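A short worksheet on the structure shown next.
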Amino acid sequence: MTAPRTGGRWIERWDPEDETFWQETGRGVARRNLLYSVLSEHIGFSIWSLWSVMVLFMGPGYGIDAAGKFTLIATATFVGALVRIPYTFAVARFGGRNWTIFSALTLLAPTVAALVVMEPGTSYGTFLLVAALTGVGGGNFASSMTNINAFFPLREKGWALGLNAGGGNIGVPVVQLAGLLVIGVAGAGHPRILLAAYIPLIVVAAVAAAARMDNLAPVRNDTGAVREALRDAHTWIMSLLYVGTFGSFIGYSFAFGLVLQTQFGRTPLQAASLTFIGPLLGSLIRPVGGRLADRYGGARITLATFVAMAAATGVVITASERSSLPVFLTGFVALFVLSGLGNGSTFKMIPGIFQAKALARGMGGEAAAAYGRRLSGAAMGLIGAVGALGGLGINLAFREAFTTSGTGTTAFATFLGFYAVCCAVTWAVYLRRPAARPGTAPDTAAKPQLTSV
């Protein structure tokens with residue numbers, strides 16, 4: 001099954017849609033690669049979200065106001081979104097195992113850099129540069145999802161991609177919990193303890209990938225598929241929806257602690273003791289979103305999620321106006337949980353949409369599945385990158401709101417309007433049933449028997 005090539009182990013034949021191959025060989029190999037992919041992506045998310053914790057350590061001695069801190073975390077978000085595009089195509093160029101090793105080791109750069117500069121007196125420009133370096137952790141998601149998408153058959157992609165992404169997303173609350181532990185035990189003046197703890201973890205992730213993961217030889221960069229994905233309206237529609245789900249999750253994750261400090265006057269320890277709850281629940285429930293999408297259809301779960309997110313945002317706006325911390329926390333945590341569900345369901349939709357288009361064009365089952373894998377692999381990195389930019393938008397909206405009014409109310413009102421748009425788009429494109437039009441997929445994708453969408 002494997003043949004040695006320069007740079008590591010390569011699997012020459014991979015056909016997960018073949019039930020015999022999957023039962024005898026594929027499932028075990030795929031799940032092993034999934035496990036170590038989750039480990040590496042988990043550490044990547046922790047490093048990407050590092051500055052959501054570092055800003056809690058930055059007391060008055062650092063001389064940085066709330067707007068400056070929001071800019072730091074927005075910078076990390078922005079770079080993380082951009083690097084997702086090259087990371088997507090790196091898997092096919094270098095192999096999933098090889099790239100996982102490399103991408104894990106690159107996490108040492110921002111971690112060591114932060115370890116060196118994290119003290120009062122460091123220039124703000126230096127902090128911005130180091131925050132930008134942490135963006136490489138955001139790229140790990142794109143390469144990991146592209147890699148795992150190739151390992152699993154369509155019928156199990158919702159579960160596999162949800163588990164892969166959810167395990168990675170948990171890196172956010174884990175680093176925040178670790179920050180809470182450091183602040184609670186050593187105090188807010190010792191951020192280097194947290195940074196030093198992650199260096200050996202990064203090395204473990206790289207070594208584990210080298211020892212236990214595989215490269216898939218059949219996975220190749222397909223420039224034609226990339227061009228086709230770029231031209232396909234569904235790539236950009238799903239990007240919009242992913243801005244609403246993952247963009248919300250990562251944006252809120254980065255900003256939550258700072259909002260608690262700025263708007264509700266929480267101390268670093270008090271903020272850290274609450275910050276991790278939402279990201280943790282949102283991460284844990286992401287595989288559930290994928291599993292529900294496998295069963296009921298991604299579009300149905302996604303629409304229900306956006307409706308509920310709009311309602312939760314209304315609760316947060318009310319709490320913000322009344323300065324009610326308990327109600328605010330209830331609404332905000334609900335947003336995390338719902339965004340996690342939506343993350344799982346939207347990513348499940350992607351391969352199903354392209355396979356549905358192939359079926360609508362008269363392709364056979366295996367040909368349609370191959371087309372779905374080809375186009376979804378090309379589209380996932382683009383969708384992931386645009387979705388992550390939603391996190392940038394959230395942090396910039398918070399920055400503007402706190403600069404002008406001292407509260408996040410106007411930012412939440414903006415988010416409410418965006419969720420309403422996402423509801424309308426999901427229903428109109430993937431659930432409304434217009435008359436069939438040759439060469440189009442929305443009506444086909446919405447049929448009950450195609451629960452993959």
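Quick one: ranking T403, T134 by accessible area, 1.4 Å probe, largest first, what do you get?
On the way: T403 85, T134 0 Å².
Result of the area sort, largest leading: T403, T134.
Take the Cα coordinates of segment 257-321, assign each an equal point scatterer, and use the Debye formula without solvent to give log10 I(q)/I(0) at q = 0.21, 0.25, 0.29, 0.30 Å⁻¹.
-0.95, -1.06, -1.15, -1.17
Quickly rank 327-336, 40-49 as a protection proxy: mean count of other C-beta atoms within 10 Å, highest first. Intermediate values should be presented prior to the final figure.
Values: 327-336: 20.8, 40-49: 29.0.
Listed from highest to lowest mean packing, they are 40-49, 327-336.
Could you work out Rg/(2.2 N^0.38 Å) for segment 138-200, with Rg from alpha carbons only? Intermediate results must be reported in sequence, preceding the final value.
Working: Rg = 16.2 Å, N = 63, 2.2 N^0.38 = 10.6 Å.
Taking the Cα Rg and dividing by 2.2 N^0.38 Å, one obtains 1.53.
With every protein chain left in place and a probe of 1.4 Å, what is the accessible surface of E321, to the nearest 10 Å²?
Answer for E321: close to 130 Å² accessible.
Over the C-alpha atoms of segment 335-388, what are the Rg and the largest Cα-to-Cα span, Dmax, in Å?
13.0, 40
Can you tell me the length gained on complete extension of the stretch A186 to A67, counting 0.36 nm per residue apart and subtracting the Cα distance?
On the way: separation 119, 0.36 × 119 = 42.84 nm, distance 2.68 nm.
Working it through step by step, the gained length comes to 40.2 nm.
So what's the gap between the Cα centers of segment 246-277 and segment 361-394, to the nearest angstrom?
If we compute the Cα centre of each part, the gap is 32 Å.
Considering only protein heavy atoms and a 1.4 Å probe, what is the carbon-and-sulfur percentage of the accessible area of the chain? Numbers along the way, then the final one.
On the way: 10420 of 15700 Å².
It is 66 percent, rounded to a whole number.
From the backbone phi of segment 195-205, what are the Karplus-calculated ³J(HN,Hα) couplings (6.51 cos²θ - 1.76 cosθ + 1.60, θ = phi - 60°) in whole Hz, Gly and Pro given as x?
5, 5, 5, 7, 4, x, 5, 4, 5, 4, 4
Which of the aspartates and glutamates could be linked to K69 by a straight reach, that is with a Cα gap under 15 Å, when you skip same-chain ones fewer than 8 residues away?
Straight-line reach from K69, under 15 Å: E119, E400.
Per-residue ellipticity at 222 nm for the chain, helices alone: DSSP H runs ≥ 4 residues times -39500 (n - 2.57), over residue total, nearest 500 deg cm²/dmol? Numbers along the way, then the final one.
Values: 20 runs with 347 residues, N = 453.
That calculation yields -26000 deg cm²/dmol at 222 nm.
Less than 12 Å apart at the alpha-carbon level, and either on another chain or at least 8 residues along: which aspartates and glutamates does that give for K348?
E156, D294
Which number do you get for Rg(Cα) / (2.2 N^0.38 Å) in segment 91-196?
Values: Rg = 16.9 Å, N = 106, 2.2 N^0.38 = 12.9 Å.
Segment 91-196 yields a ratio of 1.31.
Mind ordering 154-165, 177-188, 104-115 by average Cβ neighbours within 10 Å, highest first? Provide the component values of the computation, followed by the final result.
On the way: 154-165: 23.7, 177-188: 17.7, 104-115: 20.5.
The packing order, highest mean first, is 154-165, 104-115, 177-188.
Counting residues in segment 176-305 as N, plug N into 2.2 N^0.38 Å and put the Cα Rg over that result. It would help to have the intermediate numbers written out before the result.
Working: Rg = 20.2 Å, N = 130, 2.2 N^0.38 = 14.0 Å.
Against the empirical 2.2 N^0.38 Å value, I get 1.44 for segment 176-305.
Between the alpha-carbon centers of segment 22-44 and segment 65-95, tell me the distance in whole angstrom.
The two parts, judged by their Cα centres, are 24 Å apart.
Taking amide H positions as placed 1.01 Å from N in the peptide plane, with prolines and chain starts having none, which residues 5 or more places from L216, or on another chain, fall under 5 Å of its amide H?
I11, G96, R97
Projecting each Cα onto the charge dipole of segment 175-302 (Lys/Arg +1, Asp/Glu -1 at the beta carbon, about the Cα centre), which of A208, A299, G187 comes out farthest on the positive side?
G187
Between T20 and S405, what is the spin-label point distance in nm, taking each point 7 Å from the Cα along the Cα→C-beta axis?
6.5
Under a no-solvent Debye model with one identical scatterer per Cα of segment 24-166, what's log10 I(q)/I(0) at q = 0.11, 0.13, 0.21 Å⁻¹?
Normalising to I(0) and taking log10 leaves -0.45, -0.59, -1.15.
Identify, among L241, A81, A197, the residue whose Cα sits farthest towards the positive end of the charge dipole of the chain, taking +1 on the Cβ of Lys and Arg and -1 on the Cβ of Asp and Glu, with the dipole about the Cα centre.
So the residue we want is L241.
To one decimal place, what Kirkwood hydrodynamic radius in Å is obtained for the chain from all pairs of distinct Cα atoms? List each step's numbers first, then the result.
Values: mean 1/r = 0.0457 Å⁻¹.
That comes to 21.9 Å for the chain.
The values are calculated or read from the model by the stated rules, or taken from the named source; none is laboratory data. Computed from a prediction, not measured in an experiment: that's the story for all the values here. As a convention, Cβ positions derive from the backbone with ideal geometry for all residues, glycine included, and neighbour counts pool all protein chains shown. Just so you know, the surface numbers come from the protein's heavy atoms only, side chains and all, with ligands and any DNA or RNA stripped out. Shrake-Rupley method; radii C 1.70, N 1.55, O 1.52, S 1.80 Å.
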